[in-house]
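Before any comments, here is the structure.
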Amino acid sequence: MSTQVSVGTQLGTAGVEDTLDRPARRRSMDARRPPARKKLTRFLLNAAALIVFVCSVFPVYYMVNLAFTPNNKIVSRTPSLFPTDFTVSNFTTAWNREAAPGQTDFPHALGTTVTVTAGVLVVTLLVAFLASVALARFRFKGRRTFIVSVLVVQMIPGEAMMFTIYGMIDDWHLMNTLLGLGIVYTAAVIPFTIWTLRGFVAGVPADLEEAAMIDGCTKSQAFWKVTFPLLAPGLVSTGIFAFIQAWNEFTMALLLMSGYNLTLMPWLNAFQSSSVGGAVNWGAVMAGSTMIALPVIIFFLIVQGRMTGGLVSGAVKG
Amino acid sequence: MTSTTAAPTGAGPAPAPTAPERDALQRERHRRRRDARGGWGLLSPATIILAVMVGYPAVLMVIQSFTDFTVKNKVQGTLPDFIGLQNYIDLFTKSDFPAVLTRSLALMVVLTALIIVFGVLVAVLMTRLGRGWRITVSVGLLLAWAMPPLTATVVWGWIFDTQYGLVNWLLNTLTGTTNWTNHSWLLEPLSFYFVLVIIVVWQGIPFVAFTTYAGLGQVPGEVLEAASLDGASGLRRFRFIVFPYLRSILTVVLVLQIIWNLRIFTQVYSLQTRGGIAADTNVLGTYLFRQGVGEFGATAAIGVFMVILLLILSWGYVRTTLKEEEL
C-alpha cells in the first residue's frame, strides 16, 4: 500500500537527484565501446539535452524578457533577446490599469483569486482529509463503491456541464460571487485530492498507531500524535495541487464571473485584448503574465514531480 | 486488531460457538458497525459536495437534454416540453457539431502521439545523461510544465505574432527575404493548429517525461546488461526488456493524455481571441462555450455526449488503477 509515498519520493528524486544504480550500469556498458565513439555519443547526448533545455525554458525566459522591455522596444521589427532598456514600468502599468472600463484591475483580481483559492484550499483539504482517513483506515460496506465513484467523477469533464452548472449557480443567486466560484472549484478538485491523500494515509503503517495505543494512547490520540505529523508532506503537496488548479482555472471563471469580480486568468484574457489608451500594451501584458505565473512556478518547484505520483500511483508498482 | 480469530474455520459441521468465541464474534460485529458509522461519517462532507455539485447537475443535464429548455422558460418560469431525442438528432444533422467532433478527435490523436513519443524520448535521454545535465533538463521541463496554460498561450501567441513576432523575424533573417513580414499564423486553420500543437506539446512533454523516467528507474540493470552482453541492440533491448516494464505506466499516461487533449479549452480559446477564426478552429470545449447561455436543452445534449465519450475513453484508466491498487 505504500505505492503512493514511494512513487512520490521516487519522482521527487527523479526530478533532480541521482539514482544509484544507473550511472554504474552506464559506465560498464560504455566501457566496451571505443573511446572516440564514446566521446561522440556523449557529445550528441549533451547536445540533445541542451536543445531540450533551451526549448523548454525559452518561452518562459522570453516572457520575463519582454516584461522588462519598454513597450516601444517590444513593438519592433527586430526583436531583442534581452531587455536593452531595462524598465519596471510594465509592472506598474499592469498593476494599475484596469483591463477595460468598469472591469477589475490587477490588485483586485489578485485579491479575488487569493480569496477563492484560499477558501478552496482549506475546504478541500479538510473534506478530502476526512474522506481519505475513512478510506484508508476503516473497512465498511460501500467503501469500494465510493473509491470507484471518485475515480469516475475525476474523469467527468466539468466543462461539459458548464451551462447546467451555470443555471444551477444562477438559481442559487450565486452568479458572479466568490462563493459560487469557490463551490464549483472545490467540487472539481476534491476527487483528485481524496485519491492522492488516501495513498498518503495508507502509506503510514497502522502498526505505528497500534504501538502508540499499547503505550497508552487512545485511538484518536494515536492518530493525531503519530500518523498526522507523518502526513504533513502529503497535505502540502495535495494542497499545492488544489492551489494550482484553482489559480489556473479559466473556463468556469470566464463563464461565471464578470466586471469587477474577475479572477486573474479572465483578467489577463481581458487585458490582452483591451486597448485602453491606444493599442494593447504588450509589455504590461507580459508583466501581468509573469506576476500570475510566478506563484505557480514557485509552488511547482516545491512539489516537483510528486503530482504525477497521484495520477499514476496505480500503474507504478512500488 | 484482535488476537482471537473471529470466523470459525475448518471442515465439517460448524461447532457451536463457545463463550469466548461468541464474545469475539460480537466484538467483530461491533467493530464493523463502528467502522461503518465512522467511515461514512468521515465521508459525508465529500459525499454531499460531490452529490450536489457533480451528481445533481449530471442528472439535471441528462434530463434537460431531452427537453426544449431555453432561457425563455427560465425567465417566464414555464416548464419546458419533453422532446425526446430531438436535441441529439439536431446536433448530428443540423449543426456543425460532427465537424467539430472530427476536428477534436484528429487534434487529440496528433497531440497525444507527439507528446508521448517526445516524452518517452526525453525520458530515455535523461537516463543517459550525467548528473549536471540531467538536473538542467529537469529544471527546464519543470518550468515549461509550471506555466499556467493561459500565460503560456499569451507568450507563444506573441512569439508567433503577425507583425512583431519572433518567428516571422527569424524566418526573414534565415531566408534573407521579407516573405514572412506580416505573415499571419493564426488565420489559416491548419497553421492555427500548428501553433496550437506546439503550445500543447511543449507543456505536455514534461509530465510524460518525468513519469516515464520514474518507470525506467525500475528496469533492473543486470537484465539489460546481460542482454547487451548477449548482443541485443539498443532498440531490441528497449522493445523486449524496457517496454514491458513501462507498459502499465504508459497505458495510464496514454489514457490521461487522450482525455486531457480532448478536454483542451484554454489554449484554443485564447489563440482564437488572438486572431483565429473561431468557427473554423473550434474544438469540443470551445464549441460548447460559444453556444452561449440560452439554449439549455441543446447545450445539455452536447454535454451529455462529451461526458459519455470521455467516460468510455477513461474506462481503461479507472480499470487499470483499480486493478493495480490493492484496495
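The values are calculated or read from the model by the stated rules, or taken from the named source; none is laboratory data. As the structure is a computational prediction, the values presented were derived from the model and not from experiment. Positions of Cβ are backbone-derived with ideal geometry, glycine not excepted, and every protein chain shown enters the neighbour counts.
For the stretch A:138-161, the set of residues classified as in contact (Cβ under 8 Å) with a residue 12 or more places away in the chain, touching a Leu at 6+ places or on another chain (Cβ under 9 Å) and more than 7 Å from chain B (Cβ to nearest Cβ) consists of A:Val150 only. Mind counting the residues in the stretch A:174-187 that are at the interface with chain B (Cβ under 8 Å from one of its Cβ atoms) and either in contact with a Gly (Cβ under 6 Å, 6 or more places away or on another chain) or β-branched (Val, Ile, Thr) (or both)? Residues meeting the conditions: 3.
Which residue, of B:Leu91, B:Leu85, is touching a residue at least 12 places away in the same chain (Cβ under 8 Å) and either surrounded by 18 or more Cβ atoms within 10 Å (Cβ to Cβ) or of a type in the set (Lys, Arg) (or both)? Every option except B:Leu91 fails the conditions.
Looking only at residues in the stretch B:96-122 that are closer than 13 Å to B:Leu284 by Cβ and among the small types (Gly, Ala, Ser), which one is farthest from the chain's Cα centre (by Cα)? Selected residue: B:Ala99.
For the stretch A:263-300, the candidate set comprises residues that are more than 18 Å from B:Thr266 (Cα to Cα) and within 9 Å of chain B (Cβ to nearest Cβ); within that set, the residue that is modelled with the lowest pLDDT is A:Phe300. Output yes when any residue across the stretch A:70-90 is aromatic (Phe, Trp, Tyr) and closer than 13 Å to A:Ala284 by Cα, and no when none is. No: zero hits. Of note, B:Phe118 does not satisfy the criterion of being surrounded by 20 or more Cβ atoms within 10 Å (Cβ to Cβ) and either touching a helix residue (DSSP H, G or I) at 6+ places or on another chain (Cβ under 7 Å) or not aliphatic (A, V, I, L, M) (or both). Every condition in (1) surrounded by 14 or more Cβ atoms within 10 Å (Cβ to Cβ); (2) more than 29 Å from B:Leu101 (Cβ to Cβ); (3) of a type in the set (Asp, Glu) holds for B:Glu188 except the one numbered (2).
For the stretch B:221-234, a residue qualifies if it is within 8 Å of chain A (Cβ to nearest Cβ) and among the aliphatic types (A, V, I, L, M), and exactly one does: B:Leu224.
Across the stretch B:181-215, the qualifying residues are those that are of a type in the set (A, V, I, L, M) and over 25 Å from the mean Cα position of the chain (by Cα), and the one among them that is farthest from the other protein chains (Cβ to nearest Cβ) is B:Leu187. Checked against the criterion of being away from chain B (no Cβ under 11 Å) and within 30 Å of A:Trp224 (Cα to Cα), the stretch A:88-98 contains not a single residue that satisfies it. For the stretch B:271-327, residues that are within 25 Å of B:Pro189 (Cα to Cα), β-branched (Val, Ile, Thr) and more than 7 Å from every other protein chain (Cβ to nearest Cβ) total 5. In the set (1) at the interface with chain A (Cβ under 8 Å from one of its Cβ atoms); (2) at pLDDT below 95; (3) within 30 Å of B:Phe243 (Cα to Cα); (4) part of a helix (DSSP H, G or I), B:Gln218 fails one condition alone, (4). B:Pro45 - would you say it is modelled with pLDDT of 85 or more, under 28 Å from B:Gly294 (Cβ atoms) and within 12 Å of another protein chain (Cβ to nearest Cβ)? No, not satisfied. Between B:Leu79, B:Leu60, the distinction of being farther than 29 Å from B:Val197 by Cα and not in a helix (DSSP H, G or I) belongs to B:Leu79 only.
Pairs are defined by a Cβ separation below 7 Å, a sequence spacing of at least 6 or placement on different chains, a first member in the stretch B:177-191 that is at positive phi and part of a loop (DSSP other than H, G, I, E, B), and a second member that is among the hydroxyl-bearing types (Ser, Thr, Tyr) and surrounded by 13 or more Cβ atoms within 10 Å (Cβ to Cβ); the pairs so defined are B:Asn182/B:Thr162.
For A:Thr218, the requirement of being more than 9 Å from every other protein chain (Cβ to nearest Cβ), at negative phi and β-branched (Val, Ile, Thr) is met.
Every condition in (1) exposed (fewer than 15 other Cβ atoms within 10 Å of the Cβ); (2) at the interface with chain B (Cβ under 8 Å from one of its Cβ atoms); (3) in a helix (DSSP H, G or I) is met by A:Asn72 except one, and the failing one is (2). Given the structure, is A:Arg198 of a type in the set (D, E, K, R), surrounded by fewer than 21 Cβ atoms within 10 Å (Cβ to Cβ) and assigned by TED's automatic domain parsing to the domain that holds A:Pro266? The answer is no for A:Arg198. None of A:Phe106, A:Phe129 is crowded, with 20+ Cβ neighbours inside 10 Å and farther than 30 Å from B:Gly316 by Cα except A:Phe106. The requirement of being farther than 24 Å from B:Pro148 by Cα, more than 9 Å from every other protein chain (Cβ to nearest Cβ), surrounded by 22 or more Cβ atoms within 10 Å (Cβ to Cβ) and touching a residue at least 60 places away in the same chain (Cβ under 8 Å) is fulfilled nowhere in the stretch B:255-268; no residue meets it. Quick one: is A:Gly119 under 19 Å from the mean Cα position of the chain (by Cα), farther than 22 Å from B:Tyr56 by Cα and either crowded, with 18+ Cβ neighbours inside 10 Å or more than 8 Å from every other protein chain (Cβ to nearest Cβ) (or both)? Yes, satisfied.
Can we say A:Tyr260 is in the same structural domain as A:Val133 (by TED's automatic domain parsing), closer than 18 Å to B:Met53 by Cβ and of a type outside the set (A, V, I, L, M, F, W, C)? Answer is no for this residue. Within the set A:Ser220, A:Ser237, the sole residue that is surrounded by 15 or more Cβ atoms within 10 Å (Cβ to Cβ) and small (Gly, Ala, Ser) turns out to be A:Ser237. The residue list A:Ala246, A:Ala253, A:Ala242 contains one member that is part of a helix (DSSP H, G or I), under 19 Å from B:Thr273 (Cα atoms) and in the same structural domain as A:Pro205 (by TED's automatic domain parsing), which is A:Ala253.
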